[in-house]
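A.B. asks: First the structure, then my questions, so here it is.
The values are calculated or read from the model by the stated rules, or taken from the named source; none is laboratory data. As the structure is a prediction and not an experimental result, all values here were calculated from the model. Methodologically, a virtual Cβ is constructed for each residue, glycine included, from the backbone with ideal geometry; neighbour enumeration extends over all protein chains shown.
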Amino acid sequence: MNFTAKNIADFTNGEIIGNPDEVVHDISRIEEGKKGTLAFLANPKYEKYLYNTKASIILVNRELVVNGNIKPTLIRVSNAYNAFTSLLELYAGSLADKTGIEQPCFIDPTAEIGRNVYVGAFAYIGPKAVIGNNVKIYPQSYVGEGTKINDNTILYSGVKIYHNCIIGSNCIIHSGSVIGGDGFGFVQQDDMQQRKIPQLGNVIIEDYVETGSNVTIDRATIGSTIIRKGVKLDNLIQIGHNVEVGENTVIVAQAGIAGSTKVGENCMIGGQAGLAGHIKVGDKVKIGAQSGVTNSIKPGETVLGSPALNASKQVKAMVVYKSLPEMYKRITELEREIALLRKEEK
Amino acid sequence: MNFTAKNIADFTNGEIIGNPDEVVHDISRIEEGKKGTLAFLANPKYEKYLYNTKASIILVNRELVVNGNIKPTLIRVSNAYNAFTSLLELYAGSLADKTGIEQPCFIDPTAEIGRNVYVGAFAYIGPKAVIGNNVKIYPQSYVGEGTKINDNTILYSGVKIYHNCIIGSNCIIHSGSVIGGDGFGFVQQDDMQQRKIPQLGNVIIEDYVETGSNVTIDRATIGSTIIRKGVKLDNLIQIGHNVEVGENTVIVAQAGIAGSTKVGENCMIGGQAGLAGHIKVGDKVKIGAQSGVTNSIKPGETVLGSPALNASKQVKAMVVYKSLPEMYKRITELEREIALLRKEEK
Amino acid sequence: MNFTAKNIADFTNGEIIGNPDEVVHDISRIEEGKKGTLAFLANPKYEKYLYNTKASIILVNRELVVNGNIKPTLIRVSNAYNAFTSLLELYAGSLADKTGIEQPCFIDPTAEIGRNVYVGAFAYIGPKAVIGNNVKIYPQSYVGEGTKINDNTILYSGVKIYHNCIIGSNCIIHSGSVIGGDGFGFVQQDDMQQRKIPQLGNVIIEDYVETGSNVTIDRATIGSTIIRKGVKLDNLIQIGHNVEVGENTVIVAQAGIAGSTKVGENCMIGGQAGLAGHIKVGDKVKIGAQSGVTNSIKPGETVLGSPALNASKQVKAMVVYKSLPEMYKRITELEREIALLRKEEK
């Protein structure tokens, strides 16, 4: 990376305040800026750092009013955060790209492999698997029999995808994630033993999905567990069998969704939240971190707490909850007062 | 799969209502039935689908009363769910079976390998490990030194089992599970550093246990962490060192059990529940999802919530919890009323 | 292992009560003692086992008063627990040590490999990676491009470390842990799609850190996610991007820390606790199991519950919470009484 302020202004359609020849070779956060780095300022909370950062160039919003002396060269753009993200993308895209088949790897003779793929050492591609163009399969990953990975998708090291699953195009699956393991289905027998229900369905992940590390997505008992286009899953998330997650829904780390639950589009599910099985979560629902959702939720609602309540109700109850010891005392005092009144009355 | 209604009725001891020559080649859920598929109806909630499903054959309970016209051929059996499960097992058993030693894999010369095993590519079997008959070790799995895997057990891709552990017969361990990692034991020293306590015990998993994906079961400090016969663990579960889980107990995803806790037989532990260390959970205990169990639980009890209370107490408290803001107002109103009464009294 | 009481007394600076030639060849817990084993007694709760254990030698605290007949040889030391730990360390150190390069493994020609290392079969060491002296990389582990592993560190089987990360010396990383996966950063676009923010930072783990199995530690967006010296992480923990965890802090299984949060030194974080992003947790803070921390915490404070409150406040509220149904009835009764008083007054 080696950009001048002029390069950056041209790329971001920005206006330079300062030296157009200022050079940056790395990026930094504004509060940790060093000479030769590019930073950005979008959140007003961080404005204070503008006046003493050592970063050489700062991307700022066009409407920012500067209240003091500043040393770095500024580039004013319409949206500093988006412009910075675009520069990060440019930079990321310039990094070395993996390609080719490393040895030893295992590619079953009946598997189909697309053009321009990367297959890392110790990767395993099972019988009748289909690998699209430009797919990257990092070392020690596993693609089961009959599973299809569409174009431009990346499986990082140690991803495990069981048989007969479908992964869309332009997906990113981070290390240690397991897709297509058996759903958790047992029937208790009269002697208390749990009899396994064979899990004969699969997992379908649509395009532009990203899953974090060590995520688990179980295959359906019958039919498919489905992760729709554009869904983003953080690390260590559990998706049960026959679940469906709607387009562009975002789920934060360590959340879990039990079997057969349907989550709508554009939802936000907080970290460590848990959703019971067989419920329906509408579109644009927000579920707070650590919530325990036991019932279906209407579109657009925000819920919090365990068990989850409508957020405004929950917040009110949480506020009063802190006063419980005081309330208890007040009730006891009221009872004393009443007893006194009654006595005096006689 | 290619069955006629007659085949299925013979296998399930059922009675055909409709065409005995109707053919199915796949399975479906009744609400997603397609021509040529077999479905079942056990839960009365789903009866409505019976009247418009496109599935060709439906397994139903013998006592079902049909209230309308239906197109599929019915097969009446004594328990539709069990009969369907038996058919799934038959179908699953007919799928291709892995066997043989794929290359390259690593089998230490001192390891003992049984008859009719599958060892996938890039699997690692350490010194003095013992692998029983009909065991399947999928690619990229690891069996540490001296570990024994008994007959008919399956380790899916990427399972890691540390040294000196014992895995029973007829077990299924899903991808990414780690068995026998060090227990979490440290002693804080005077300088605040944490000194590691060596973890010299092991893990013993008895027969017919199934663990989900990315489960972690730590080895004992001394002695054994024990998972008894028939236990079923879902994904992403944490089992601490020296824990013991009793026969046929079922634990749902993302639950965790801290060190030295003993869980009885035939318990049900909900998803994301947490059990403190050094406690004793009796037989047939039910623990709700997201519960936080800090004390021992008597046999047969059901507990809920964090901290966990007896379920009936907890449910009552939860109901009232929602009314906290109203209660607060009522207390304030009562105080106002009392002040008024006292004033009037004077 | 084959020690006499005299050997052990010499090593632990202890005093023998009984037979100095008593021999032990294994260790046990006092409650499970067998002939030929060494056990210890530190916690007075376990004293009852002293009188019927079958262990041959017991390490006890110097000040222990024995109230009855005992069969084993005792060794009195100043701290039985520490002495036992030292013996465990001695024993653990005597176990066979892995060394050498197993084949097949993948070591990029541009990687630097130190002296006396172990590289297991199917391990992958990427371009320009640097592996220190005495490092052990177990089978099927992955070390990304440019990543540095310092001296004496152990990566157990199936650890995945992405590119450009730094792991300190004397660290232990258990199986299935993923270090350096992308942070969870997306910006919602006007069409509701989530645009990925490239994650260009890294993870730095300092010396003497231990992480459990299937832990995930995300790389920073910019800069570094930092785990300071002596931190101990249990299994299945999530550490978000740009988080910093202070020296000697201990975090129990399944806890999660969201992005950019800073945790101080010598903290204790309980199992399944969750910390929101962008907060600051002071030194010596204690966070109870399953807590939900949404705000910064002052040094030395103890918090509990979700949402987390100061522990003494939370405990008081929790106690009263159980009485909610009773409180509700008492309020209703008070209202009845007041109505009655008012009526009588007229």
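A.B. asks: Given the criterion in contact with a Pro (Cβ under 7 Å, 6 or more places away or on another chain) and without any contact (Cβ under 8 Å) to a residue 40 or more places away in the chain, identify the matching residue among A:Gly274, A:Gly282, A:Gly288, A:Gly246.
C.D. replies: Numbers: A:Gly274 fails: in contact with a Pro (Cβ under 7 Å, 6 or more places away or on another chain); A:Gly288 fails: in contact with a Pro (Cβ under 7 Å, 6 or more places away or on another chain); A:Gly246 fails: in contact with a Pro (Cβ under 7 Å, 6 or more places away or on another chain).
Exactly one of A:Gly274, A:Gly282, A:Gly288, A:Gly246 is in contact with a Pro (Cβ under 7 Å, 6 or more places away or on another chain) and without any contact (Cβ under 8 Å) to a residue 40 or more places away in the chain, namely A:Gly282.
A.B. asks: Would you mind telling me which numbered condition in (1) in a loop (DSSP other than H, G, I, E, B); (2) within 25 Å of the chain's Cα centre (by Cα); (3) within 14 Å of chain C (Cβ to nearest Cβ) A:Gln103 fails?
C.D. replies: Of (1) in a loop (DSSP other than H, G, I, E, B); (2) within 25 Å of the chain's Cα centre (by Cα); (3) within 14 Å of chain C (Cβ to nearest Cβ), only one is false for A:Gln103: (2).
A.B. asks: Here is a follow-up. Take A:Leu200 and tell me if it is more than 26 Å from the chain's Cα centre (by Cα) and over 15 Å from A:Cys171 (Cβ atoms). Spell out the reasoning first.
C.D. replies: Details: more than 26 Å from the chain's Cα centre (by Cα): yes; over 15 Å from A:Cys171 (Cβ atoms): yes.
Considered against the rule, which asks whether it is more than 26 Å from the chain's Cα centre (by Cα) and over 15 Å from A:Cys171 (Cβ atoms), A:Leu200 comes out as yes.
A.B. asks: Moving to a separate point now. Go through the residues of the range C:182-190 one by one and say whether even a single one is closer than 21 Å to B:Asn214 by Cβ and assigned to a strand (DSSP E or B). Quick ask: steps written out before the conclusion?
C.D. replies: Of all residues in the range C:182-190, those closer than 21 Å to B:Asn214 by Cβ come to C:182-184.
Narrowing further to those that are assigned to a strand (DSSP E or B): none.
No, the range C:182-190 has no match at all.
A.B. asks: Examine the range A:106-121 for a residue that is surrounded by fewer than 20 Cβ atoms within 10 Å (Cβ to Cβ), among the hydroxyl-bearing types (Ser, Thr, Tyr), in a loop (DSSP other than H, G, I, E, B) and in the same structural domain as A:Cys171 (by TED's automatic domain parsing), and state whether such a residue exists.
C.D. replies: Checked against the condition, which is being surrounded by fewer than 20 Cβ atoms within 10 Å (Cβ to Cβ), among the hydroxyl-bearing types (Ser, Thr, Tyr), in a loop (DSSP other than H, G, I, E, B) and in the same structural domain as A:Cys171 (by TED's automatic domain parsing), the range A:106-121 yields at least one hit.
A.B. asks: Can you tell me which of C:Ala308, C:Ala317, C:Ala339, C:Ala289 is of a type outside the set (Asp, Glu) and within 20 Å of B:Lys322 (Cβ to Cβ)?
C.D. replies: Working: C:Ala308 fails: within 20 Å of B:Lys322 (Cβ to Cβ); C:Ala339 fails: within 20 Å of B:Lys322 (Cβ to Cβ); C:Ala289 fails: within 20 Å of B:Lys322 (Cβ to Cβ).
On inspection, the qualifying residue turns out to be C:Ala317.
A.B. asks: A further question follows. Out of (1) surrounded by 14 or more Cβ atoms within 10 Å (Cβ to Cβ); (2) closer than 30 Å to A:Glu102 by Cα; (3) free of Cβ contacts under 8 Å to residues at least 40 places away in the same chain, the odd one out for C:Lys98 is which?
C.D. replies: (3)
A.B. asks: Tell me yes or no: at least one residue of the range B:78-94 is assigned to a loop (DSSP other than H, G, I, E, B) and at pLDDT below 90. Steps first, answer last, please.
C.D. replies: Quick first cut of the range B:78-94, residues assigned to a loop (DSSP other than H, G, I, E, B) only: B:78-79.
From the residues that got through so far, the ones that are at pLDDT below 90 too are none.
Among the residues of the range B:78-94, not one is assigned to a loop (DSSP other than H, G, I, E, B) and at pLDDT below 90, which makes the answer no.
A.B. asks: Out of all the residues in the range B:1-46, which are charged (D, E, K, R) and without any contact (Cβ under 8 Å) to a residue 12 or more places away in the chain?
C.D. replies: The first filter runs over the range B:1-46 and keeps only residues charged (D, E, K, R), leaving B:6, B:10, B:15, B:21-22, B:26, B:29, B:31-32, B:34-35, B:45.
Matches in the range B:1-46: B:Asp10, B:Arg29, B:Glu32, B:Lys45.
A.B. asks: Which residue out of B:Gly181, B:Gly223, B:Gly212 is more than 30 Å from C:Lys229 (Cβ to Cβ), surrounded by 22 or more Cβ atoms within 10 Å (Cβ to Cβ) and small (Gly, Ala, Ser)? So that I can check it myself, show each step before the final result.
C.D. replies: Values: B:Gly181 fails: more than 30 Å from C:Lys229 (Cβ to Cβ); B:Gly223 fails: surrounded by 22 or more Cβ atoms within 10 Å (Cβ to Cβ).
The unique qualifying residue is B:Gly212.
A.B. asks: Related question: Looking at the range C:12-50, which of the residues that are hydroxyl-bearing (Ser, Thr, Tyr) and closer than 18 Å to C:Glu63 by Cβ is surrounded by the most Cβ atoms within 10 Å (Cβ to Cβ)? Give the derivation first.
C.D. replies: Kept after step one, since they are hydroxyl-bearing (Ser, Thr, Tyr), are these residues of the range C:12-50: C:12, C:28, C:37, C:46, C:49.
If we keep only those that are closer than 18 Å to C:Glu63 by Cβ too, we end up with C:12, C:46.
On the way: C:Thr12: 21, C:Tyr46: 15.
Taking the candidates together, the pick is C:Thr12.
A.B. asks: Hey, another quick one. Could you grab me the full set of residues in the range A:145-174 that are within 11 Å of another protein chain (Cβ to nearest Cβ), of a type in the set (Val, Ile, Thr) and not in a loop (DSSP other than H, G, I, E, B)?
C.D. replies: Let us first name the residues in the range A:145-174 that are within 11 Å of another protein chain (Cβ to nearest Cβ), namely A:145-146, A:154, A:156-164, A:170, A:172-174.
From the residues that got through so far, the ones that are of a type in the set (Val, Ile, Thr) too are A:154, A:159, A:161, A:172-173.
Within the range A:145-174, A:Ile154, A:Ile161, A:Ile172, A:Ile173 meet the criteria.
A.B. asks: From the list A:Lys284, A:Lys298, exactly one residue is surrounded by fewer than 24 Cβ atoms within 10 Å (Cβ to Cβ) and touching a Cys at 6+ places or on another chain (Cβ under 7 Å). Which is it?
C.D. replies: On the way: A:Lys298 fails: touching a Cys at 6+ places or on another chain (Cβ under 7 Å).
From the options A:Lys284, A:Lys298, the qualifying one is A:Lys284.
A.B. asks: Let me spell it out: the conditions are (1) assigned to a loop (DSSP other than H, G, I, E, B); (2) polar (S, T, N, Q); (3) at the interface with another protein chain (Cβ under 9 Å from one of its Cβ atoms), and C:Thr332 meets all of them except one. Which number is the exception?
C.D. replies: (1)
A.B. asks: What number of residues within the range B:305-323 satisfy the criterion of being of a type in the set (A, V, I, L, M) and more than 7 Å from chain C (Cβ to nearest Cβ)? Don't jump to the end; show me each part of the working.
C.D. replies: Pass one, the range B:305-323, residues of a type in the set (A, V, I, L, M): B:308-309, B:311, B:315, B:317-320.
Those left that are additionally more than 7 Å from chain C (Cβ to nearest Cβ): B:308, B:311, B:315, B:318-319.
Matching residues across the range B:305-323 total 5.
A.B. asks: Just one of (1) touching an Asp or Glu at 6+ places or on another chain (Cβ under 9 Å); (2) closer than 22 Å to B:Asp182 by Cα; (3) touching a residue at least 40 places away in the same chain (Cβ under 8 Å) trips up C:Ile75, so point out which.
C.D. replies: (2)
A.B. asks: Go through the range A:197-236 and count every residue that is within 8 Å of another protein chain (Cβ to nearest Cβ) and touching a residue at least 60 places away in the same chain (Cβ under 8 Å).
C.D. replies: Going through the range A:197-236 one residue at a time, the tally reaches 1.
A.B. asks: Tell me, yes or no, whether the range C:154-161 has at least one residue that is surrounded by fewer than 20 Cβ atoms within 10 Å (Cβ to Cβ) and of a type in the set (Phe, Trp, Tyr).
C.D. replies: No, every residue in the range C:154-161 fails to be surrounded by fewer than 20 Cβ atoms within 10 Å (Cβ to Cβ) and of a type in the set (Phe, Trp, Tyr).
A.B. asks: Here's another thing I want to ask about it. Identify all residues within the range B:239-258 that are under 15 Å from B:Ser296 (Cβ atoms) and at the interface with another protein chain (Cβ under 10 Å from one of its Cβ atoms); write none if there are none.
C.D. replies: B:Ile257, B:Ala258
A.B. asks: Here is a follow-up. I'm trying to understand the selection: among the residues of the range B:75-95, which are under 21 Å from B:Gly14 (Cα atoms), facing another protein chain (nearest Cβ under 9 Å) and loosely packed, with under 13 Cβ neighbours inside 10 Å?
C.D. replies: Residues satisfying the conditions do not exist here.
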